[in-house]
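**Student:** Handing you this structure, nothing more for now.
The values are calculated or read from the model by the stated rules, or taken from the named source; none is laboratory data. Computed from a prediction, not measured in an experiment: that's the story for all the values here. Don't worry about glycine lacking a Cβ; one is built from the backbone with ideal geometry, like all the others, and counts go over all protein chains shown.
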Amino acid sequence: MNEYEHIKEQDTAVYNALIGEEERERSGIELIPSENYVSLAVREAAGSVLTNKYSEGYPGRRYYGGQEYTDVVETLAIERAKKLFKAGFANVQPLGGAAANVAMYFALMEPGDTVLGMDLSHGGHLTHGHPTTSINKVFNFVRYKMKDVNTGEIDYDELREVALKEKPKIILAGFSAYSRELDYQKFVDIAKEIGAYTVADVAHIAGLIAAGVVKNPFDYGFDVMTMTTHKSLRGPRGGMIVVREDAEIAKRINKTVFPGVQGGPHMHVIAAKAVAFGEALHSSFKIYAEQILKNAKAMETVFLEEGVRLLCGGTDNHLLLADVYGSLGVTGQEAETLLDEVGITLNKNMIADESRTAMDPSGIRFGTPAMTTRGMKETEATRLAQLMIRTLRAVGNIEEKEIIKAEVKALCEAFPVPNKFV
């Protein structure tokens with residue numbers, strides 16, 4: 001009996017959609033930096049009997065009976081998370097990265113308090129206070145930017161000036177479309193001047209931090225990290241909050257996650273998190289994370305050699321942001337569609353000081369976690385970057401597009417999506 005046999009018998013429409021998605025993932029290259037492939041073990045845990053169980057509360061302190069095994073898997077997830085991130089405390093119940101950030105805000109602040117975070121147009125995330133979000137109605141968000149968009153250098157002098165003026169309760173380091181490492185020590189030094197909490201939203205680079213291939217904010221004295229458990233951490237879709245050492249902060253976060261902003265945790269997903277964290281503790285995960293960085297640098301080299309402008313001048317992590325409109329004359333939306341047509345998936349993205357709209361911006365954002373999971377290395381990363389640029393220069397050339405599509409398919413066949421990582 002195959003993985004979807006019961007669905008096939010019961011619900012043909014859903015079955016067909018699942019098979020279609022499976023084929024799409026198998027036959028195309030996933031370059032969206034916030035996506036990855038999980039192991040079959042993680043998928044089995046996410047589809048397990050634990051989806052049946054309500055488990056409000058925390059291990060040893062539940063509001064329903066029958067928690068013997070839920071306590072086992074949540075405790076495993078917590079302990080493994082603490083080890084991965086050098087944390088004193090971990091809450092693995094947030095349903096996603098946005099939920100983790102919302103819970104963190106309410107745990108550390110009162111309505112009307114101020115957060116200083118990265119501007120969305122310079123790489124920040126919607127949950128860092130974009131005007132369209134609901135959380136923006138509760139707290140006051142002020143922003144910092146890059147000093148130089150061609151190098152990615154943050155304007156730390158401006159950050160300090162804003163902090164001294166606005167007296168934020170939280171100084172937030174973290175990003176969604178920023179390709180350099182942050183100077184965490186400067187964040188901590190500025191926060192100490194005004195008595196602010198330091199929080200790092202490491203959703204994108206959580207796996208790289210866990211593997212020790214990029215800097216860990218806790219090593220510099222950060223108080224809290226929020227994150228997703230998918231992306232580079234290669235787990236199920238979900239969120240997490242880890243606390244460096246302050247037991248009072250951890251207590252407030254636990255209380256805010258439940259019952260503050262969430263009800264019963266999704267125990268099947270927590271089981272999948274535990275499995276993924278176990279995989280990340282394996283020695284092979286560090287090798288994987290190192291290769292993510294090597295592949296990103298290989299793609300950077302091609303784009304720069306081909307005269308395509310990269311925001312921040314390149315990358316120190318898993319992602320790149322390219323100004324395709326300024327360099328190649330195609331918009332981000334056009335580029336996304338053109339690349340989709342040859343089997344390369346990425347996302348349109350606004351660039352710093354954008355002159356176009358969010359739905360039809362100047363840039364594209366792409367990254368290497370998923371392709372690296374398939375076993376691709378620098379040779380394949382270089383080839384993919386070349387195919388991307390060929391595609392964007394071949395607008396209207398149907399014959400060239402078909403040749404590229406065949407090359408992408410052949411690459412996918414040579415590097416199938418794996419089911420097992422350890």
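**Student:** Suppose we keep only residues that are free of Cβ contacts under 8 Å to residues at least 40 places away in the same chain and within 20 Å of the chain's Cα centre (by Cα) within the stretch 333-379. Which one would you say is farthest from A296 (Cα to Cα)?
**Tutor:** Of everything passing the filter in the stretch 333-379, A358 is farthest from A296 (Cα to Cα).
**Student:** Across the stretch 354-372, what is the total count of residues that are surrounded by fewer than 22 Cβ atoms within 10 Å (Cβ to Cβ) and either touching a Ser or Thr at 6+ places or on another chain (Cβ under 9 Å) or not in a loop (DSSP other than H, G, I, E, B) (or both)?
**Tutor:** Going residue by residue through the stretch 354-372, those that are surrounded by fewer than 22 Cβ atoms within 10 Å (Cβ to Cβ) are 354-360.
Those left that are additionally either touching a Ser or Thr at 6+ places or on another chain (Cβ under 9 Å) or not in a loop (DSSP other than H, G, I, E, B) (or both): 354-357, 360.
Residues in the stretch 354-372 being surrounded by fewer than 22 Cβ atoms within 10 Å (Cβ to Cβ) and either touching a Ser or Thr at 6+ places or on another chain (Cβ under 9 Å) or not in a loop (DSSP other than H, G, I, E, B) (or both): 5 in total.
**Student:** Right, another one. Against the conditions (1) surrounded by 17 or more Cβ atoms within 10 Å (Cβ to Cβ); (2) more than 21 Å from E21 (Cβ to Cβ), where does V408 fall short? Just the number, please.
**Tutor:** Answer for V408: the failing condition is (2).
**Student:** I'd like to know if the stretch 244-251 contains one or more residues that are within 20 Å of the chain's Cα centre (by Cα) and closer than 26 Å to G124 by Cβ.
**Tutor:** no
**Student:** For S355, are the conditions met, namely being farther than 21 Å from K286 by Cβ, modelled with pLDDT under 95 and of a type in the set (S, T, Y)?
**Tutor:** yes
**Student:** For the stretch 328-353, what are the residues that are assigned to a loop (DSSP other than H, G, I, E, B), buried (at least 18 other Cβ atoms within 10 Å of the Cβ) and not hydrophobic (A, V, I, L, M, F, W, C)?
**Tutor:** First, pick out the residues of the stretch 328-353 that are assigned to a loop (DSSP other than H, G, I, E, B): 329-331, 342-343, 346, 350-353.
In the following step, the residues that additionally are buried (at least 18 other Cβ atoms within 10 Å of the Cβ) were identified as 330-331, 342-343, 346, 350-352.
Across the stretch 328-353, the qualifying residues are T331, G343.
**Student:** Under the condition of being among the polar types (S, T, N, Q) and farther than 20 Å from E279 by Cβ, which residue from the stretch 47-56 is surrounded by the most Cβ atoms within 10 Å (Cβ to Cβ)?
**Tutor:** Result: S55.
**Student:** When you check T198 against the structure, is it assigned to a helix (DSSP H, G or I), in contact (Cβ under 8 Å) with a residue 24 or more places away in the chain and touching a strand residue (DSSP E or B) at 6+ places or on another chain (Cβ under 9 Å), yes or no? Steps first, please.
**Tutor:** Details: assigned to a helix (DSSP H, G or I): no; in contact (Cβ under 8 Å) with a residue 24 or more places away in the chain: yes; touching a strand residue (DSSP E or B) at 6+ places or on another chain (Cβ under 9 Å): yes.
No; evaluated as a whole, the condition is false for this residue.
**Student:** Any idea how many residues of the stretch 123-150 are surrounded by 20 or more Cβ atoms within 10 Å (Cβ to Cβ) and more than 20 Å from K169 (Cβ to Cβ)?
**Tutor:** Matching residues across the stretch 123-150 total 3.
**Student:** If you don't mind, there's one more thing I want to ask. Which one of the conditions (1) of a type in the set (D, E, K, R); (2) surrounded by fewer than 24 Cβ atoms within 10 Å (Cβ to Cβ); (3) within 24 Å of the chain's Cα centre (by Cα); (4) at pLDDT 95 or above does E153 fail to meet, given that it meets all the rest?
**Tutor:** (4)
**Student:** A follow-up question, please. Can you name the residue in the stretch 57-83 that is of a type in the set (G, A, S) and part of a helix (DSSP H, G or I) and, of all such residues, is surrounded by the most Cβ atoms within 10 Å (Cβ to Cβ)?
**Tutor:** Selected residue: A77.
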